[in-house]
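**Student:** Encoded as structure tokens, here's the structure I'll be asking about.
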Amino acid sequence: MLDFFGKSPEKEDLKSRTPAGQYLTTKFPVLTYGPTPRIDTENWQLRVFGEVKEEVKFNYQEFMSLPQVKFESDFHCVTTWSQLDNTWEGISTKEFMKKVKLKPEAKFVLLHCYGGYTTNLTLEAFDDEDTLFAHTHDGEPLSAEHGWPLRFVIPKKYAWKSAKWINGIEFLTEDKLGFWERNGYNNNADPWKEERFW
Ligand SMILES: Nc1nc2c(c(=O)[nH]1)N[C@H]1C(S)=C(S)[C@@H](COP(=O)(O)O)O[C@H]1N2
Ligand SMILES: [Mo]
């Protein structure tokens, strides 16, 4: 845990970037409910379904051939650790959405993962400028524990909405709660409003 004593500009900056009730770490802790799924990229698949004009299935090569981006962002877990300045590389949601033909009724998204984990978002929160499907963190391929081969990253929400081992994106007309959202976590999950629990 870093302390905020002293008044160096750098420390003030770290403080202003740390939401209330959070402490800073640089250890990139692993937080998973249940076992780590082991996925081989030969059989990996991402299914895009629900309120779409055409269902799409990407294999690993197809998905990786989409244009790549590098985004820097902070990561806030509801269990009170935050890790600042993460560099994520992968495919931006904006780029992904160019491949999806949504029905006009689509307003919500449920992310599905290998292992059965789910988490939900509004379409607006999902399709933001800073969200992406990441395969690399700080220049290294994701470890199995951190979501290899692909995880979602949504910096403006508590990290339980950054789904690891993602394998499905379901578009919906009505909101459908994900795993933690059904089990007591706040649906909106904004760390700057401390929206932790119901
Ligand atoms: N599939 C899946 N994704 C998940 C989780 C999980 O249990 N399963 N845990 C979430 C939680 S609570 C957090 S804090 C982050 C942690 O990511 P990390 O383990 O890479 O630090 O992943 C999120 N994504
Ligand atoms: Mo978390």
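**Student:** Count, please, the residues in segment 134-187 that happen to be among the aromatic types (F, W, Y), more than 10 Å from ligand 1 (Cβ to nearest atom) and touching a Phe, Trp or Tyr at 6+ places or on another chain (Cβ under 7 Å).
**Tutor:** Summing the residues that are among the aromatic types (F, W, Y), more than 10 Å from ligand 1 (Cβ to nearest atom) and touching a Phe, Trp or Tyr at 6+ places or on another chain (Cβ under 7 Å) in segment 134-187 gives 0.
**Student:** Would you pick out the residues in segment 61-77 that are of a type in the set (S, T, N, Q) and more than 16 Å from ligand 2 (Cβ to nearest atom)?
**Tutor:** Q61, S65, Q68
**Student:** Mind counting the residues in segment 154-194 that are within 13 Å of ligand 2 (Cβ to nearest atom) and either on the phi < 0 side of the Ramachandran plot or buried (at least 19 other Cβ atoms within 10 Å of the Cβ) (or both)? Lay out the reasoning, then the answer.
**Tutor:** The initial filter retains those residues of segment 154-194 that are within 13 Å of ligand 2 (Cβ to nearest atom), namely 154, 157-164, 178-181, 183-186, 189, 191.
Still in the running and either on the phi < 0 side of the Ramachandran plot or buried (at least 19 other Cβ atoms within 10 Å of the Cβ) (or both): 154, 157-164, 178-181, 183, 185-186, 189, 191.
Number satisfying all stated conditions: 18.
**Student:** Being in contact (Cβ under 8 Å) with a residue 60 or more places away in the chain, within 15 Å of ligand 1 (Cβ to nearest atom) and within 13 Å of the chain's Cα centre (by Cα): is that true of T131 here?
**Tutor:** It is false that T131 is in contact (Cβ under 8 Å) with a residue 60 or more places away in the chain, within 15 Å of ligand 1 (Cβ to nearest atom) and within 13 Å of the chain's Cα centre (by Cα).
**Student:** Does at least one position in segment 50-72 carry a residue that is touching a residue at least 60 places away in the same chain (Cβ under 8 Å), surrounded by 13 or more Cβ atoms within 10 Å (Cβ to Cβ) and under 14 Å from the mean Cα position of the chain (by Cα)?
**Tutor:** Looking for residues that are touching a residue at least 60 places away in the same chain (Cβ under 8 Å), surrounded by 13 or more Cβ atoms within 10 Å (Cβ to Cβ) and under 14 Å from the mean Cα position of the chain (by Cα), one finds at least one in segment 50-72, hence yes.
**Student:** Residue by residue through segment 86-117, note down the ones that are more than 8 Å from ligand 1 (Cβ to nearest atom), under 17 Å from I154 (Cα atoms) and in contact with a Lys or Arg (Cβ under 9 Å, 6 or more places away or on another chain).
**Tutor:** T87, W88, E89, G90, F108, L110, L111, H112
Values quoted throughout were computed directly from the atomic coordinates according to the rules given, and no laboratory measurement underlies them. Predicted, not measured: the structure shown is a model, and the values here were computed from it. So basically every Cβ, Gly included, is an ideal-geometry build from the backbone, and we count neighbours across all protein chains shown.
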